[in-house]
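Below is one structure, written out as structure tokens, with a few remarks after it.
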Amino acid sequence: MRLSPSLLSADFGRLAEEAEKVKGVAHFLHFDVMDGHFVPNLTFGPPVVNALKRYTNLPFDIHLMLERPAVYAPRFQVGPDDVITFHVEAEDPPQHTIEVIRGLGCRVGISLRPGTPLSAIKPYLPQVDWVLVMSVEPGFGGQEFLPGALDRIRNLKRLIGRRPVTIAVDGGIDPGNVRQVVEAGAEVIVAGSAVFGQPDPRAAAYRLLMAADGDR
Ligand code: DX5
Ligand code: ZN
């Protein structure tokens, strides 16, 4: 299991220092980019995300909750280890967005809201590197994990079969449920409140990794 702590729960006034806190424990940094249209919330955009590239070597996991992902994706400075994820429900046609992100030289992720059937992303599975399963309604941190996500992860794993597609899960994950999420098939865990919402994010990230592994 790899951990992608979400900066949504971090101190936005000290993002570089917050990122530093999970160095050596986290495998990615998760950025929730919101446009106030696709979701009823606003966060940060390319200037802020790109500025942080100078302060950390962790790969960036950029989650676009935008109606126009194909318009804004090219504004992120990314490399082969980074991933840009867009939502299948967005206004831009998924096929076009995939081609745009692919052209940036990073990995391509696709995501779906909890209520969107898996059949919506099925046609794109041969073209993406990563699927982000939402286990809360996108837009806000600190929500409760929707248990229906477990079955979705299992079904998605079956759909993916032997393709090299990573399953990431985002929303409401904490040390109490992370094991189940990993057992269902998640390979990357996104967690905001359970990491940056804790007094010691490094210790909290470590606790999540331990809990995912069982009680070793
Ligand atoms: C929700 C975001 C999540 C959020 C998760 O729209 O996509 O990445 O940061 O936060 P927690 O872990 O608090 O549910
Ligand atoms: Zn997210």
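The values are calculated or read from the model by the stated rules, or taken from the named source; none is laboratory data. All values reported here derive from a predicted model rather than from experimental measurement. Cβ: placed from backbone, ideal geometry, glycine included. Neighbour counts: every protein chain shown. Note: areas computed on protein heavy atoms with side chains; ligands, DNA, RNA excluded. Shrake-Rupley method; radii C 1.70, N 1.55, O 1.52, S 1.80 Å.
The table below lists the values:
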item: Potential extension, Q143-M1 segment - 0.36 nm per residue separation minus Cα distance; result: 48.9 nm
item: Under 5 Å, built H, 5+ apart or other chain: amide partners of V133; result: A168, V169, D170
item: Using θ = phi - 60° and Karplus 6.51 cos²θ - 1.76 cosθ + 1.60, couplings along the range 187-204 (whole Hz; Gly, Pro as x); result: 10, 10, 10, 9, 8, x, 4, 6, 10, 6, x, 9, x, 10, x, 5, 5, 5
item: Karplus (6.51, -1.76, 1.60) ³J(HN,Hα), θ = phi - 60°, over the range 89-95, in Hz, Gly and Pro reported as x; result: 7, 5, 5, 5, x, x, 4
item: Antiparallel DSSP beta bridges within the chain, as percent of all bridges there, nearest 5; result: 5 percent
item: Karplus-derived 3J(HN,Hα), 6.51/-1.76/1.60, for each residue of the range 33-41, Hz, glycine and proline x; result: 9, 10, 10, x, 10, 5, 9, x, 7
item: Using a Förster distance of 22 Å, the FRET efficiency for A51-V71 (Cβ separation, nearest 0.05); result: 0.60
item: For the chain, accessible area per residue (1.4 Å probe, heavy atoms of protein chains only), Å²; result: 44 Å²
item: Evaluated at q = 0.08, 0.10, 0.16 Å⁻¹: base-10 log I(q)/I(0), Debye formula over Cα of the chain; result: -0.24, -0.38, -1.05
item: Amide N proximity, the range 66-106 versus R163 label position 7 Å along Cα-to-Cβ, cut-off under 13 Å; result: 95
item: Restricting the range 114-198 to trypsin sites (Lys or Arg not before Pro) in coil, as DSSP defines it, with at most 13 other Cβ within 10 Å; result: R162
item: Within the accessible area of the range 2-212 (1.4 Å probe), percent carbon and sulfur; result: 51 percent
item: Value of [θ]222 nm, deg cm²/dmol, for the chain, DSSP H segments ≥ 4, -39500 (n - 2.57) each, nearest 500; result: -7500 deg cm²/dmol
item: Whichever lysines have a C-alpha closer than 17 Å to that of K53, once near sequence neighbours (fewer than 8 apart) are set aside; result: K21, K23
item: Length-normalised contact order for the chain - Cα pairs under 8 Å, 6+ apart - percent; result: 22 percent
item: Summed residue charge, Cβ within 11 Å of H37's Cβ, Lys/Arg positive, Asp/Glu negative; result: -2
item: Within the range 7-39, trypsin sites (Lys or Arg not before Pro) in DSSP loop having at most 14 other beta-carbon neighbours inside 10 Å; result: K23
item: Cα-based reach from K122 at 17 Å (exclusive), listing lysines while leaving out same-chain residues under 8 positions away; result: K157
item: Over the range 151-216, volume per residue of the alpha carbon convex hull, in Å³; result: 88 Å³
